[in-house]
Amino acid sequence: MACPAELLPLDAFRRQLEVNVTGQLAVTQAFLPSLRRAQGRIVVISTIGVRFTPPFAGPLDATKAALAALADALRQELAPWRVKVVVIEPASINSSAAGKVTRDAAAAMAAAPPQGRILYEDAFGKMLAVMQRREDNGSPPDVAAATIIRALTATRPRNAYLTGKYSRRLATLSLLPTSLLDAARRRVFGLPAPGSLTT
């Protein structure tokens, strides 16, 4: 779900946390006895947005950041049994997910109070248009699938793998000082300058 944080229905956020974090932990816990016996591997799908959070993507990226933190802890906790934990960080992948985000975002804005829509509709619409273009021009899903297979089969897997178009560029940009990174995001997404909407 993409939505201005101020307008985000809390029930929708709780559901996203339940699916993206609690559900993932529940599945992992259920399989851990078998994984421990087999010295298996856990592959977690996060997002490059954890490093490069765009505006209005806070709800999704917050859950993926929580999932990445959980994976970081699991990697250390399960190391004594040689269970490896790997995080995949996709960027632009051309899949049906982008269309779903756009539809859900439109529904969230339609359900928001009129004063909230007035505050965010223009900037939010610009951000969604940029994200939709990037996803439409992103890597095919088999690029992400190949990365996941590599993470599952490598003898000595890395802790994290970037995948998809723009992933390396966004990872590099995330190293910029916050003020420069914010300015870059404002430019990319066509957002208003700081202080420009004050009365």
Segment 14-108, dipole about Cα centre (Lys/Arg Cβ +1, Asp/Glu Cβ -1), debye to the nearest 20: 300
Two-site FRET efficiency, Arg37 against Arg168, from Cβ-Cβ distance with R₀ of 41 Å, rounded to 0.05: 0.65
Kirkwood hydrodynamic radius of segment 1-96, Cα pairs, Å: 14.4
Segment 58-199, accessible surface, carbon-and-sulfur percent (1.4 angstrom probe): 59
Fraction of beta bridges assigned by DSSP in the chain that are antiparallel (%, nearest 5): 10
Label zone at Thr102 (point 7 Å along Cα-to-Cβ), backbone N below 15 Å, segment 135-172: 135-138
Exposure rank, largest accessible area first [Arg186, Arg37; 1.4 Å]: Arg37, Arg186
In sequence order, calculated HN-Hα J values of segment 116-124 (Karplus, 6.51, -1.76, 1.60; Hz; x Gly/Pro): x, 4, 4, 5, 10, 4, 5, 5, 5
Ala110/Arg187 FRET efficiency (R0 25 Å; Cβ-Cβ; nearest 0.05): 0.30
Whole-Å semi-axes of the chain's equivalent ellipsoid (Cα gyration tensor): 33, 19, 15
Angle between the chain longest axis and helix 178-189 axis [Cα atoms, degrees, rounded to 10]: 70
Extension reserve of the Glu6-Ala154 stretch, reckoned as 0.36 nm per residue once the Cα distance is removed: 49.0 nm
Rounded accessible area of Arg169 (nearest 10 Å², 1.4 Å probe): 140
For segment 76-199, accessible area per residue (1.4 Å probe, heavy atoms of protein chains only), Å²: 62
Alpha carbon centroid spacing (whole Å) that separates segment 1-56 from segment 136-179: 17
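The values are calculated or read from the model by the stated rules, or taken from the named source; none is laboratory data. None of these values were measured; they are calculated from a predicted model. A quick note on method: Cβ atoms are made from the backbone with ideal geometry, for glycine too, and the neighbour counts reach across all protein chains shown. Side chains are part of the model used for accessible areas, which takes the heavy atoms of the whole protein and leaves out ligands, DNA and RNA. Shrake-Rupley method; radii C 1.70, N 1.55, O 1.52, S 1.80 Å.
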